[in-house]
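The values are calculated or read from the model by the stated rules, or taken from the named source; none is laboratory data. Every value quoted in this text rests on a predicted model; they were computed, and no experiment measured them. Cβ: placed from backbone, ideal geometry, glycine included. Neighbour counts: every protein chain shown.
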2 protein chains.
Amino acid sequence: MKDVSALKPPPFARIGDSISLVSTPALVLDLDAFDANTQRMAELARRHGVALRPHAKAHKSTAIALRQLELGAVGVCCQKMSEAYPFVAKGVLSIHISNEFVGADKVAMAVELANYVRLSVCVDHPAQVDALGRAATQAGVVITVLPEVDIGQGRCGVKGNDALAALVDRIALYAGLRFGGLQAYHGGIQHLSTWEQRKEAAANAAHATAQYVQFLAARGIQCEVITGGGTGTAEFDVSSGVYTEIQPGSYVFMDGDYGSKDWLGGWKPAHSLYIASTVMSTAKPGLAVCDVGLKGVAVDSGLPVLRPGDHGGHLQYKAANDEHGILQIAAGDTQDYLGSRVYLIPGHCDPTANLYQQYVGYRRDVVECIWEIDARGLSQ
Amino acid sequence: MKDVSALKPPPFARIGDSISLVSTPALVLDLDAFDANTQRMAELARRHGVALRPHAKAHKSTAIALRQLELGAVGVCCQKMSEAYPFVAKGVLSIHISNEFVGADKVAMAVELANYVRLSVCVDHPAQVDALGRAATQAGVVITVLPEVDIGQGRCGVKGNDALAALVDRIALYAGLRFGGLQAYHGGIQHLSTWEQRKEAAANAAHATAQYVQFLAARGIQCEVITGGGTGTAEFDVSSGVYTEIQPGSYVFMDGDYGSKDWLGGWKPAHSLYIASTVMSTAKPGLAVCDVGLKGVAVDSGLPVLRPGDHGGHLQYKAANDEHGILQIAAGDTQDYLGSRVYLIPGHCDPTANLYQQYVGYRRDVVECIWEIDARGLSQ
């Protein structure tokens with residue numbers, strides 16, 4: 001009798017197998033498209049002499065981060081303190097937490113991480129500076145602090161020179177803190193529909209950032225790093241003359257929401273990330289029910305769409321239940337799709353990747369690698 | 001020098017601590033409410049002589065399943081084949097897969113599981129019967145098969161006596177399969193707004209189910225198990241005279257969507273599951289930004305709401321970004337909420353629980369247990 005307590009599901013993917021044999025649902029990664037995306041963004045930054053610090057929140061995978069570093073990235077951004085741990089453990093030496101945090105638990109993590117890496121963090125309130133400053137100074141570590149300035153997002157970040165100056169002065173009070181420059185990110189403009197809209201909005205954001213930089217310069221304070229930008233505005237950010245560093249994330253995968261935008265005149269990353277799914281019920285005329293629902297794809301930015309051209313364009317994802325995806329079959333098509341494989345482009349990659357434990361990388365339809373999503377769920 | 005490769009985030013919760021010390025975001029479980037919910041549903045089923053087979057897809061936790069079994073549950077439902085593995089490994093002896101599946105990978109899992117447990121599965125297509133029948137017969141195991149009938153959901157399940165009869169006859173062709181009765185679930189009616197609407201819809205669903213049962217009886221075929229129902233209709237299903245077994249899931253937690261319905265006349269489970277969150281930025285007047293966004297709460301059934309009464313009702317969750325939750329502060333309230341703790345009721349528990357790795361159980365504000373969400377992400 002086998003020991004039942006050791007029972008585990010079989011591996012859902014095996015290196016060398018055809019991608020069609022991967023057990024669904026699975027996150028599968030077209031490595032040719034992925035490689036092209038990562039190389040192109042690295043080249044874009046290098047050509048303009050701007051540092052590339054990709055956002056690891058998009059992929060949450062140390063394997064991907066290490067590839068980005070090989071191509072010249074200076075480190076990665078994380079959004080949460082616990083999220084940084086697997087990257088540090090795998091040897092990433094420079095981490096920027098592009099977000100505010102509050103609480104003794106988070107401060108303790110920052111101090112611990114600062115023992116291992118060049119750590120920078122964001123603040124937008126004097127109380128954050130004080131808590132971190134006391135702890136870092138007492139622990140004998142130095143943490144770089146980048147006040148976040150609000151350049152139009154209206155979410156986090158200080159607004160106005162006085163508030164910024166107050167933070168900069170406060171950082172200077174602590175031996176354990178070091179002013180490193182500014183975090184200036186505007187998420188909303190990343191997703192504007194047209195290239196022209198994004199270009200204009202990025203120019204406005206860069207202008208707002210430049211005013212803060214000039215204000216500090218007039219006080220004799222230099223910003224070593226001015227970091228921000230994202231996939232939707234990277235091409236403008238690198239030539240802005242303001243940003244020293246960009247932090248795009250989604251470009252490695254390119255999601256449905258980004259993909260639906262107009263990229264006229266600019267470089268459009270290719271879709272590389274799909275959710276492999278299987279049709280498991282065709283009992284209703286006109287419908288094919290697949291095995292990817294709300295637990296397999298994030299729907300906050302729209303439902304997933306099928307990979308263009310597959311199944312003659314006859315299948316359309318029209319509703320997500322918890323474990324079911326409802327595909328509508330084009331009128332007049334009487335094929336029984338039971339068992340058919342579909343590849344879905346998620347509407348929003350970041351929260352979709354956070355649902356899975358692994359990426360299955362493939363090239364020419366053969367599984368080449370299986371990468372852990374080792375920061376999945378690390379949201380503290 | 002410490003070995004960096006072993007670096008891990010510190011535990012986010014410790015037994016015996018105040019719940020206020022749990023590192024956020026965290027899924028926290030009010031054990032008094034949870035106990036009352038689980039006991040009350042068990043009593044409801046027992047009182048009516050109906051079997052209770054809670055749906056494990058709602059909590060994905062073997063610790064919770066074992067509590068449900070202690071209170072008299074006959075086993076659990078799972079929605080996916082791989083999802084069943086941790087429950088089998090922890091000693092659950094009866095598993096019903098309340099969903100269709102297709103593919104050699106899934107069939108192989110079914111056959112493997114049937115070596116350890118009483119396994120039942122659903123079908124709604126002859127090809128599913130054939131694939132499973134051949135494999136089970138060859139492996140020398142017996143799998144119980146419950147054809148799914150569509151009683152109004154319009155998703156999976158056969159419609160019409162002929163289609164049902166064809167499946168039943170086909171099951172009989174395989175020594176490795178055993179006809180066990182019917183799966184008859186209508187998810188849509190679980191969430192109807194009023195108690196009267198749900199009562200009427202449940203009566204219609206039970207009537208539709210009864211007609212299939214009578215059709216089979218007229219052919220000399222008895223249904224040992226007629227399983228279905230959910231949290232929203234359980235009180236009607238148990239007294240329907242049709243169902244031998246109910247499969248509610250959400251009742252252990254009670255989510256925001258269920259909670260907003262009218263439960264007049266019936267029993268309303270109490271909210272037991274919250275997401276603990278911390279306000280980490282208050283740089284914008286009128287807004288408090290907390291650390292729970294799309295990666296910490298599923299928003300498909302509406303945004304989360306704050307636990308009633310907290311903070312004088314002055315905070316309202318109004319938007320979810322990837323890692324940020326935007327709380328609007330009531331007009332006139334000038335308090336700085338930085339560092340404040342908020343407890344959020346998720347709009348939809350199932351996909352929210354699937355984002356986390358653990359439940360932190362507390363009683364009278366002290367952490368009493370930490371339960372693994374050990375089937376999280378097992379969606380194959």
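Residues that are of a type in the set (S, T, Y) and in a strand (DSSP E or B) within region B:353-371 comprise B:Y359, B:Y362, listed in sequence order. For region B:281-295, the set of residues classified as within 10 Å of chain A (Cβ to nearest Cβ) and more than 31 Å from the chain's Cα centre (by Cα) consists of B:S281, B:T282, B:A283, B:K284, B:P285, B:L287, listed by residue number. In region A:296-311, the qualifying residues are those that are under 13 Å from A:V342 (Cβ atoms) and among the β-branched types (V, I, T), and the one that is farthest from the chain's Cα centre (by Cα) is A:V305.
Going through (1) under 23 Å from B:L355 (Cα atoms); (2) at pLDDT 95 or above one by one, B:T282 falls short only on (1). Selection within region B:324-333: residues that are of a type in the set (G, A, S) and surrounded by fewer than 20 Cβ atoms within 10 Å (Cβ to Cβ). The member of this set that is farthest from B:V292 (Cα to Cα) is B:G332. Within region A:1-60, being without any contact (Cβ under 8 Å) to a residue 60 or more places away in the chain and among the hydroxyl-bearing types (S, T, Y) holds for A:S5, A:S23.
Residue count for region A:152-178, restricted to those that are touching a residue at least 40 places away in the same chain (Cβ under 8 Å) and under 20 Å from the mean Cα position of the chain (by Cα): 1.
The lone criterion from (1) assigned to a loop (DSSP other than H, G, I, E, B); (2) within 13 Å of chain B (Cβ to nearest Cβ) left unmet by A:T334 is number (2).
Would you check which residues across region B:364-380 are more than 9 Å from chain A (Cβ to nearest Cβ) and in contact with a strand residue (DSSP E or B) (Cβ under 8 Å, 6 or more places away or on another chain) and list them? Selection gives B:D365, B:V366, B:V367, B:E368, B:C369, B:I370, B:W371, B:E372, B:I373, B:A375. Only one of the numbered conditions (1) crowded, with 24+ Cβ neighbours inside 10 Å; (2) within 16 Å of A:A58 (Cα to Cα); (3) not assigned by TED's automatic domain parsing to the domain that holds A:S18 is not met by A:Q190, and that is (1).
Residue-wise test of (1) crowded, with 24+ Cβ neighbours inside 10 Å; (2) without any contact (Cβ under 8 Å) to a residue 60 or more places away in the chain; (3) over 25 Å from A:S94 (Cα atoms); (4) in contact with a helix residue (DSSP H, G or I) (Cβ under 9 Å, 6 or more places away or on another chain).
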residue: A:Q197; (1), (2), (3), (4): no, yes, yes, yes
residue: A:A202; (1), (2), (3), (4): yes, yes, yes, yes
residue: A:H207; (1), (2), (3), (4): no, yes, yes, no
residue: A:F215; (1), (2), (3), (4): no, yes, yes, yes
residue: A:A218; (1), (2), (3), (4): no, yes, yes, no
residue: A:G229; (1), (2), (3), (4): yes, yes, no, yes
residue: A:G232; (1), (2), (3), (4): yes, yes, no, yes
residue: A:D237; (1), (2), (3), (4): yes, no, no, yes
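When A:A283, A:A298 are screened for being crowded, with 18+ Cβ neighbours inside 10 Å and touching a residue at least 24 places away in the same chain (Cβ under 8 Å), only A:A298 passes.
Residue-level analysis places A:G181 outside the set of residues that are crowded, with 18+ Cβ neighbours inside 10 Å, more than 14 Å from chain B (Cβ to nearest Cβ), more than 23 Å from the chain's Cα centre (by Cα) and modelled with pLDDT of 95 or more.
Would you check if there is a residue in region A:258-269 being buried (at least 22 other Cβ atoms within 10 Å of the Cβ) and within 14 Å of chain B (Cβ to nearest Cβ)? Yes, because at least one residue in region A:258-269 is buried (at least 22 other Cβ atoms within 10 Å of the Cβ) and within 14 Å of chain B (Cβ to nearest Cβ).
Evaluated against (1) assigned to a loop (DSSP other than H, G, I, E, B); (2) more than 9 Å from chain A (Cβ to nearest Cβ); (3) within 25 Å of A:S250 (Cβ to Cβ), B:A298 falls short on exactly one condition, (2). Of the residues making up region A:334-353, none is hydrophobic (A, V, I, L, M, F, W, C), surrounded by 21 or more Cβ atoms within 10 Å (Cβ to Cβ) and without any contact (Cβ under 8 Å) to a residue 40 or more places away in the chain. Among the residues of region B:184-191, some residue qualifies, meaning at least one is in a loop (DSSP other than H, G, I, E, B), over 24 Å from B:A127 (Cα atoms), modelled with pLDDT under 95 and of a type outside the set (F, W, Y).
When A:T62, A:T24 are screened for being modelled with pLDDT of 95 or more, more than 17 Å from the chain's Cα centre (by Cα), over 18 Å from A:G228 (Cα atoms) and not aliphatic (A, V, I, L, M), only A:T24 passes. Looking across region B:368-380, just one residue is more than 15 Å from the chain's Cα centre (by Cα) and crowded, with 21+ Cβ neighbours inside 10 Å, and that is B:Q380.
The condition (being under 30 Å from A:A45 (Cβ atoms), among the aromatic types (F, W, Y) and touching a strand residue (DSSP E or B) at 6+ places or on another chain (Cβ under 7 Å)) is satisfied by just one residue among A:Y274, A:Y251, A:Y258: A:Y274. Cβ-Cβ distances below 6 Å connect the following pairs, each with a first residue in region B:308-325 that is within 14 Å of chain A (Cβ to nearest Cβ), a second residue that is exposed (fewer than 15 other Cβ atoms within 10 Å of the Cβ), and a separation of six or more residues or different chains: B:K318/B:Q328.
Residue-wise test of (1) away from chain B (no Cβ under 14 Å); (2) assigned to a loop (DSSP other than H, G, I, E, B).
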site: A:L119; (1), (2): no, no
site: A:A127; (1), (2): no, no
site: A:L132; (1), (2): no, no
site: A:Q138; (1), (2): yes, no
site: A:T144; (1), (2): yes, no
site: A:P147; (1), (2): no, no
site: A:I151; (1), (2): no, yes
site: A:A163; (1), (2): no, no
site: A:A166; (1), (2): no, no
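In region B:338-352, the residue that is nearest to A:G293 (Cα to Cα) out of those that are at the interface with another protein chain (Cβ under 10 Å from one of its Cβ atoms) and not in a helix (DSSP H, G or I) is B:H348. When residues in region B:89-106 are screened for being polar (S, T, N, Q) and buried (at least 21 other Cβ atoms within 10 Å of the Cβ), 2 of them pass. Screening B:M109 with (1) among the hydrophobic types (A, V, I, L, M, F, W, C); (2) out of contact with any Leu (no Cβ under 9 Å at 6 or more places or on another chain); (3) surrounded by fewer than 20 Cβ atoms within 10 Å (Cβ to Cβ); (4) within 30 Å of B:L173 (Cα to Cα) gives one miss only, at (3).
What residue, among those in region B:96-108 that are free of Cβ contacts under 8 Å to residues at least 60 places away in the same chain and more than 21 Å from the chain's Cα centre (by Cα), is farthest from the other protein chains (Cβ to nearest Cβ)? Applying the filter and picking the extreme gives B:V107. Number of residues in region B:1-28 that are surrounded by 24 or more Cβ atoms within 10 Å (Cβ to Cβ) and more than 14 Å from every other protein chain (Cβ to nearest Cβ): the value is 0.
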